[in-house]
Structures are given as structure tokens and as C-alpha cells.
Amino acid sequence: MDLETLLSFKWSIMAPEFTILITGVIVSLQDLFYGNKRLSSWLSILGVLLAIAFLSTQYQHESVSILYDTYIFDEVTFFFKIILLTGTLLILLMTSPSWDEETERVRGDFHYLLLAALLGGMIVVSSGDVITLYAGLELLSISSYIMVGIRKYNRNANEGAMKYIITGSLASAVTLFGLSYIYGLTGTTNLFDISREMSAIDTQLEPLAILGFVITFVGLTFKISTVPFHMWTPDVYQGASTPVAAFLSVVSKAAGFILIARMLIIAFTAEPGLEQGTVYEYGVGLIAVLAALTMIVGNTVALRQRNMKRLFAYSSIAHAGYLLIPLAALTSFSLETIWFYLLAYMLMNIGAFAVLHVLIQNHANEDMSIFSGLYHRSPVLTVMMTIFLASLAGIPGTAGFIGKFNIFLGALSADPARYVLAGIMVATTVISYVYYFNILVQMYSRPAEKHANLQVPAITWVTVGFCTLGTVLFGIFPNLPLQFFNW
Amino acid sequence: MGLLSLFVFSPIVGLVLISLLSNNSSPKIVQRYALIGGFIPLIVSWIVYFIYQRNNRLAENFSWFSYETDSRTLVIDYELELNGFRLALLLLTTLIVTLSILASVKDIKKNPKLFYQWLFILELGMLGVFASDNMFLFFFFFELTLIPMFFLIGKWGHVEREETAYKYLIYNGLGSAVLLIAIVAVFIQAGNANFEAVKDYMSTMDDQAYQIGVIVAFLVAFGVKLPIVPLHSWMVNVHVYAPPAVVMIHAGVLLKIGAYGLLQFGAGMFPETFPLLAVTLAVLGLINLLYGAFLALIQDDLRKVFAYASVSHMGIILLGIAGMNTAGYQGAIFQTISHGLISALLFYLVGVLINRTSTTNLEKLGGLWTTAPVLSGFFLAAALAGLGLPGMSGFVSEFMAFLGVFENLPVFGAIGIIGIILTAVYFLRAILNISFGKRKGKALDKMTDLRNLELLPAGVLLAFIILIGVYPDSLGQLLQITLETFVAGMGG
């Protein structure tokens, strides 16, 4: 590759990625030489804001493919990057004031890891090639392992990190193994070429293609924590600090979903509306079964949880189950549905985690009782938390309801209509009412353990307020994001 | 924002008013502001009534959102529209909510601010349900009533309040789950969520099996709310353990969403297919009527008697609908409104009674007449209205409902009459038990009668009951057009 070709690429389209990369480097150097954690935090926030600014200039930009189709920019990447960047920004805002003793004792900090993980996620979103896709995935995963384990004086953190790294690397290996089959069958690593080869595949080789797909898919489900690879989730969330848990449950999961959607929709020619590939037809049964199991397991096990992080871990498993439905029932608005749900999920879940973060720091405890009497201690925060929980439960007036409605609509309008999946979804949603309402009961009906008014850092209000606003706004005016998506 | 939207969202004024009060304000002040907040929707509802009377049409329509699929667009608009039936229910809602605020004055001592906040959200949801003209919007508001009601039961109720609240949540959650499936299934077919548009689409569609499937789903969904017998156990608990002020709303308005939904979604959207279910509805109605009546006979708690009386009265609504003709529908609608008023009155009186005696156990009560003649007089009047004494709203509704059934399904009508007799027996048994006989308990000795402001809610409700009873046309002329549209689409 000579200099001329190198310069001929439209590098400006990668500006958000470069911004994150450079910020990450600056933050790590800053940490090395000055070790000022506050500064790291502000630098990271600034970097992500700048990346969002660069990204927003690309709205309605035409599709671009550079570096020999390994990096692609199209509307899908644009919209999903918004979720990754905004999610990370909100998490950074939520952590910035929280310098408890534990963070001070740990050398190094997690800001550049967070940025590295974000970069990994963004590369996953933009990859047009299996190799870069895998590289991005590993960047995301390895940074996440360290982030979970960074609280090294905490037993739960050590346990969680260990579990995470072992199961995570196993899953990566499985993915790679599956990809090797696909490579063997098609002789290419480019997603679009794979798609072309797969559609013209020899019928004798089809079983192999299906095997390759199943193995790859199973490996990838680890990231989105669906059954049967969900076991790590509660332990890891419990061990990780609350912001990291929020990152894993929102940003990392979003990246995982985009990855799966891309593999499925591009590589296996399950182009919505077009003739679907044979592999997809076989694979879709698997996805449907996993979706059903994930919804059932996540929602029923969550009923028994008292530890709030574990409860939200199971809740996030359940939401992963809902999100698999649009993939099992592909329609022309599946991607839109996934995107909207991830957007809503980002807002409501990060909002809930931010409230959780404040309370966990206030009580040094993760039991459900930290919510008791919250209405008397901070009515405004309680109302906001109520909105997040209502949204997670799918009560109308919130973005979560519209998200579920979209999924539901997709499931019933797909061909063939997935009545069973839709039925399981609404039934498990009703089950989820119980554990979300348990928290509401704690907040409104139980006497408070502490009576002092809750001190909420000013910047946390920014996160929580933003999430509340988004959750309500998109719940009442779903046309805003939906029109935005169909530029 | 048109008048209708302003009306539907008018409880927000009360909500904001209450929220602005400081946390330490005394219950009295909170209640005063809650009352002001309650009067606003009430006044607006009567303004809406007079405007509707003049124009005979009141509607609003904004485009909301839509989905593009390969071949067509699925449209969901924000549509509110009134008709006589809806208007009657809206007037009932604002009236009962206001009276319930009055009733709660002595009842709700714990954290009144929060209580009224939830109450106004609940009112918002109920007004939205009755004003919306499309399935999606209906569901939107329908689900919105879930959270406030959960707390009103769970936080301010009696003994088993939390179990009851969760039971309420699960039953109604599953009911709405079925409702959502049915709504989406219809929506995808018709491409539009508007009631009228769905009706037009369904009249051109031949797939009868599909239509019956959807109607059965609606029947189950609204059967939970109404409730239809095997699905009723949550509602008895709510009647018994929720605070009486909340039960006024629950029995007076929330159960009516079931009846309204059944008529609007069944008769309103599938006028041709719905009559095929006449016999099913009649059977269910009979079971409700008789099962409720027999169980009401043997209860030893006044609240349980009234709870099963509600079950029984809902059977009459089902029977009326099963008539599938103008008289039957009119009877069902009259019964809906009439039962709303009567049960609100009954539970208002129960609230007053609990306040003074802290019990509703029939064995511990007696001789109420000697110390509180006005209260026991109202009890008797409410019971007479409930058992269908001519001159009161209950009679008109039952008469018309049975007229409808006898025309098409005389056998069911004949059996149903037994229920009417039982109704008289259980109501009189309970009321005579508490009013007459030997005076029991110390609480009764120094008990005060209904006085001053307490008379107002009871008086107003009774006045409406008698008005409808003596001059049924006051309600009937509102319903004419609605009834015509329900019946007009029926083939043959």
C-alpha cells in the first residue's frame, strides 16, 4: 500500500474513532505522569463530547467504505454509534464525582479503559470484515475484564473478574472457531463477500455453513448475556463498580447486539424483505428458542434477588431476550426496532444505575433496602427512578413501552408471525412487573433506614435528568427518534 | 391542544397543585387543595357536556407516529372523540373522583400528599381511556391506571393490602397482556388503530375464525377487568382491603372499563361477528349473576357482600350485551352507569361506617337505625337501588337488559330472573342486619350520624340514581347515536 492510496481514503469519516483513541492516549499519559483522577474524568468527558460532535456532522452522510471495505460507514453504523457514545458519556458523568476511598486506593483508573472499550465497540459497529470485527470485539472484551477487576481489594470484584475473563475468553475462542468454518467455506473474511458466497453455496455444504453459523452465534451470545451464557452476568455486575456494571449492561451489550445483527443480516443474507438465506432459516429457530429461554430465565430468577446489582443483572438478561425477538422475526424494521429499544434501554438503564450508584455509595450496601423510604429522603429522585422502573417494566408513557410495542409489532407482522414468542414476551413482562414494583414499594411504602435527606451530587442530576427527559420524551413522542432514524 | 385534550389532562392541575405543597403541610390543607384539584376536571367535564350537547360532535386528531413496512404504512394517530356513552362515563368518572376525595378526608391520614398525587394520575388514566378513539391510545391510558391503583391499594389499604395489590397487578397485567396481543393482531391487519377504521376494515374481511379469535381475546382481557367469573378473585380482595374511597373509584369507574371495552372493542369493531358470541356471553352472564348472588348471600362481611353484589351486577351487563339488540345494549350501558353510581354510594357509606365502628363484620353490627337514622336510611336507599326498585336507576337498567335478552334468548332471561330475586334477598339481609335488631358494640352507642359535609356525596349520588330512575331519558338521549352505531352494523 503506497502513500497515495493511503491518503486517498476518506479518513475524516473516522474522526469520532480517532478522537476517542487520542483522548484515551492523553488520559493514560496524564494518569501516568500526574495521576489526577478528576482531570482524567473531565478529559474523557470532553473527548467523548468532541467525538459526538464529529459524529453529528456525519448525519445524512452518504455511505462510505474505506480501507478495502474493512471500515464501513452507513446509516446503521451512524445510529448505533450514537448509542455507544451517548451511553459512555452518561456513564462518565455518573462516575465523575464519586471518589470514594476504594477508588483512591486503586492505582491507575478506569477512564482510559472505558475509552478503549468504547473504541472497541465503535470498531465492531463499523467493521465490514471479520478480522477487524474480531479485533474490535477483543479490544472491548479485554478492557472490560480489567475494568471489572480494577477494584482489587474487593473480593467480589476479584471473583467476578476471574469468571468474566475465563468465560469471556472461552466465548471468544468459540466465536473464532465458528468464524474459521465460515472462512473455510467462503474463502474470504469480508462480510459482503461472505454474503455473496453463502447465497450461492453448494447444498451439500449447507450443514457445514449452519454449523459455522451456530458456533459463531453461540460465541457471540456471551456478550449480550443470553441463556445459556448468562451465568457470568450477576457475579460480574456484583463485583464491578456500579458505573462499570452500567457500561457492561448498556454499551457493551449494545455493541454485542449490533455485531450479531450485522453478522446475521449481512453475512447470512437474511436481508429483510429479500429472499432469506437457508442458513438463516435454520438459525432462526435457534435464536427464537434462545430468546424465549432468556426472557423466562431472566425474569423469573430476578424475582428472587435482593441484591440490587444482581437484580439488574437478571433484568438486563431479560431485556437481551426481548431484543433477540426482532432477529428471530426479521422484518424491514427490525434494525429500527433494535436501535430504538437499545436507545430506550440506554436511557432507562443508565438512569436506574445512576440512582443505584448514589444509593450504594450512601449506604455502602447493595441490598434492596437501600431504596426504602426514598420518597421521604429525595422525592424528585424517587419520581425519576419511578419513571425508569416504569420504563423498564414497559408502562405506557415511557420509551420502554414504545420499544416493547415495536418488538411486539415486528414479531406479529413478521412472516410467519411469531405468536408464541410474542406471548412469552408479554407474559414475562407481567412477571417483571413484580420485581420492578418491589423496588417501587420499597421507595414509597417502607420506612427509611436513614432519615437524613439524600445528598445527590450536582452532576449526577445531569445524568439522571437527561435520562428521565429522554425516557419520557421518546415515550410520548416516539415519532422523533423514529423519523430521525429514517433519514 | 383542543378542549378534549385539555379535559383529559386537566387532573394534572391538581397533581401540580398538590406537588407544590410542602411536605409538612397538614392533611387538612392537602385535602383542601386536592378538592380544588378534583373540581377542575369535574367542571371541565360539564362544560364538555354542554358543548357536546350543542354540537353533537367533539373530536381531536393529530398524527402521532407510524411504521413503514414493505408494502404499507401502519398508522397510529392521537385521536380523541366523544360519543354519548363515553361522555356519560367521563361525567361519572369526574363525579366519583371528586366525591372520593371528599370521602377520603377522614380515611386517609398517612401521607395524604402522595395519596392525592396517585389519585390524580389515576383520574388522568381513566379520562384518557374513555375519551380515546383508537386502540393504541386506549391501551396507553389503560395501562397508565395500573401503577397508581397498585399504590392506592398497597399503601393505604387494610390488612392484606400488599398481597391484594400484587394480586391486582398480576391479574390486570395478564389481562392487558392479552389485550395487547389482540390489539396488535388487529392493528397489523387493519393498518390503523382507529376504532372506526378497524370496523370498516373488518366489515370487508371474510376470515371469521380470525375475528372470533380476536373477540375471544378481548373477552378474556376485559373479562379480567369486569370481572367475568373465573377471573374475579382479585376484585373481591380489592373491594375488601382497599380503602373505601379507592373502592368507590374501583367499583364505580375502573370495573366499567371492562364493560366499555367489551362494547367498544366487541360490538363497536366487529358488529357482524360479535353476535355469534351471544350464547357464550349469556352463559357467562348467568354464571356471574347467580354465582355472585349466591356468594353474596352467605358472606358475613358487609364489604364482601357488596363485592359479590358487584360480580352479580356485572352479570346483568353481560346478559344485556348478549341480547345483541338495542334494548340489551341500552340496558348494559344503563347498568354500567347505574352500578357505578350505586356502588360508589355503597362504598361511600361503608367508608363512613368503618370510620365510626372500624368494622364491617355483620355479626358485630346491629341497631344502626337507633343511633344513626340518616346513615342507615341511605344504606337502605342504596340497597333498594341495587336490588332494582322501580323509580331508581337499577330498575331501569335491569328492565332493559332483560327486555333485550328475552327477545333473543328467552331461556337465559328466565333463569336470570332468579338472580334478581336473590339480589333482593342478599341486599336486604345485609342491610336489615346492620340497621335493625339489637344494638351491638360500644362504638354504636356513641356513634354520630351523617352530618353536614358528609351528607353531600351521599345526597348527590342518590339524586343521580333517582334522576335516572324517574327520568331515564336524561341518560337515554345521550346514548341514542352510540346505540344506533353499535346495532346498525349487525347483519340481520
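Can you pull the semi-axes for chain A, root of five times each eigenvalue of the Cα gyration tensor, sorted largest first, whole Å?
Equivalent ellipsoid semi-axes, largest first: 34, 27, 21 Å.
Cross-chain or 8 or more residues apart, Cα under 18 Å: how many lysine pairs in the stretch B:273-492 fit that? Count them up, please.
6
Quick test of the membrane-span-like rule: which DSSP H helices of chain B reach at least 27 Å along their long axis (C-alpha atoms) with mean Kyte hydropathy at least -1.0?
Span-like helices in chain B: B:27-55, B:84-107, B:112-131, B:161-190, B:278-298, B:302-323, B:326-357, B:410-435.
Computed over the Cα atoms, what is the radius of gyration of the stretch A:14-95 divided by 2.2 N^0.38 Å, N being its residue count?
1.22
In 5 Å bins starting at zero, report the fraction of Cα pairs in the stretch B:227-372 per bin as a rounded %.
For the stretch B:227-372, the pair-distance distribution reads 2, 10, 19, 21, 18, 12, 8, 5, 3, 2, 1, 0.
Ratio of alpha-carbon Rg to the 2.2 N^0.38 Å globular estimate for the stretch B:233-278, to two decimals, please.
So the Cα radius of gyration is 1.53 times the expected 2.2 N^0.38 Å.
Over the stretch A:3-485, what relative contact order in percent results from Cα pairs under 8 Å that are six or more residues apart?
Here the relative contact order equals 14 percent.
Relative to the longest principal axis of the C-alpha atoms of chain A, give the angle of the C-alpha long axis of helix A:75-95, reported between 0 and 90° and rounded to the nearest 10°.
Compared with the principal axis, the helix lies near 20 degrees.
At a Cα cut-off below 20 Å, give the aspartates and glutamates reachable from residue A:81, other chains included and same-chain residues fewer than 8 away excluded.
Residue A:81 reaches A:17, A:62, A:69, A:129, A:138, A:336.
Exceeding 18 Å between C-alpha atoms, which entries from my cross-link table qualify? They are A:163/A:223; B:167/B:225; B:28/B:110; A:223/A:253; B:106/B:256.
Correct reply: B:106/B:256.
Please report, in whole Å³, the volume per residue of the convex hull around the C-alpha atoms of the stretch B:47-166.
So the per-residue hull volume is 139 Å³.
In Å and from the alpha-carbon atoms only, list the Rg and Dmax of the stretch B:32-98.
16.8, 56
Output the 0 to 90 degree angle, nearest 10, between the alpha-carbon long axis of helix A:111-126 and the longest principal axis computed from the alpha carbons of chain A.
It works out to around 30 degrees.
Under a Cβ-Cβ cut-off of 15 Å, what is the net charge of the residues other than residue A:70 that fall near it, where Lys and Arg count +1 and Asp and Glu count -1?
Surrounding charge for residue A:70 is -3.
Summing Lys, Arg as +1 and Asp, Glu as -1, what charge do residues with Cβ under 11 Å from the Cβ of residue B:479 carry, residue B:479 excluded?
Spelling it out: positives minus negatives among the neighbours equals -1.
Could you tell me the accessible area of residue A:76 in Å² (1.4 Å probe, neighbours in place), rounded to the nearest ten?
Roll a 1.4 Å probe over it and residue A:76 shows about 30 Å².
How far apart, in nm, are two points set 7 Å out from the Cα along the Cα-to-Cβ line at residue A:170 and at residue B:220?
With each label placed 7 Å out from Cα toward Cβ, I get 3.9 nm.
Return the Cα extents of chain B along principal axes one, two and three, sorted largest first, each rounded to a whole Å.
Cα extents, longest axis first: 74, 58, 44 Å.
In Å², nearest 100, what accessible area do chains B and A bury in total when the solvent probe is 1.4 Å?
Counting both chains, the buried surface is close to 3400 Å².
Please report the carbon-and-sulfur percent of the accessible area for the protein assembly as shown; probe 1.4 Å, protein heavy atoms only, DNA, RNA and ligands left out.
Of all accessible area on the protein assembly as shown, carbon and sulfur atoms account for 64 percent.
Quick one: helix A:308-328 against the long Cα principal axis of chain A, what's the angle to the nearest 10°, folded into 0 to 90?
The answer is roughly 30 degrees.
How compact and how long is the stretch B:273-492, expressed as Rg and Dmax of its alpha-carbon atoms in Å?
18.4, 64
Could you give the Stokes-Einstein D for the protein assembly as shown in µm² per second, using the C-alpha Kirkwood radius, 10 °C, 1.306 mPa s?
Roughly 53 µm²/s, to the nearest whole number.
So, in Å, what gap is there between the alpha-carbon centers of the stretch A:21-72 and the stretch A:461-486?
24 Å
Can you grab the distance from the C-alpha centre of the stretch A:341-407 to the C-alpha centre of the stretch B:64-109, Å, no decimals?
The stretch A:341-407 and the stretch B:64-109 have Cα centres spaced 26 Å from each other.
Which value in Å is the Kirkwood Rh of the stretch A:338-483 over different Cα pairs?
Here the Kirkwood hydrodynamic radius works out to 16.0 Å.
Between residue A:68 and residue B:446, with labels modelled 7 Å along Cα→Cβ, what's the label distance in nm to one decimal, could you check?
It is 9.7 nm.
At what distance in angstrom do the alpha carbon centres of the stretch A:145-178 and the stretch B:215-264 lie from each other?
So the two Cα centres are separated by 50 Å.
What is the magnitude of the charge dipole of the stretch B:1-145 about its Cα centre, with +1 placed on the Cβ of each Lys and Arg, -1 on the Cβ of each Asp and Glu, and no other charges, expressed in debye to the nearest 20?
Around 920 debye, computed over the stretch B:1-145.
What Kirkwood Rh does the stretch A:192-257 have if only Cα atoms enter the pairwise 1/r average? Answer in Å.
About 14.0 Å for the stretch A:192-257.
Can you give the net charge of the other residues whose Cβ lies under 11 Å from the Cβ of residue B:374, counting K and R as +1 and D and E as -1?
Taking every Cβ under 11 Å from that of residue B:374, the sum is -1.
Compute the semi-axes of the equivalent ellipsoid of the stretch B:84-127, taking the square root of 5 times each eigenvalue of the Cα gyration tensor, and list them largest first in whole Å.
Values for the stretch B:84-127, descending: 23, 12, 4 Å.
Treating the stretch A:437-487 as a set of equal point scatterers at the Cα positions, no solvent, please give the Debye-formula log₁₀ I(q)/I(0) at q = 0.24, 0.25 Å⁻¹.
-0.98, -0.99
The values are calculated or read from the model by the stated rules, or taken from the named source; none is laboratory data. This one's a predicted model, so the numbers in the text were calculated from it and none came from an experiment. Cβ coordinates were reconstructed from backbone atoms using ideal geometry, including for glycine residues, and neighbour counts include every protein chain displayed. Note: areas computed on protein heavy atoms with side chains; ligands, DNA, RNA excluded. Shrake-Rupley method; radii C 1.70, N 1.55, O 1.52, S 1.80 Å.
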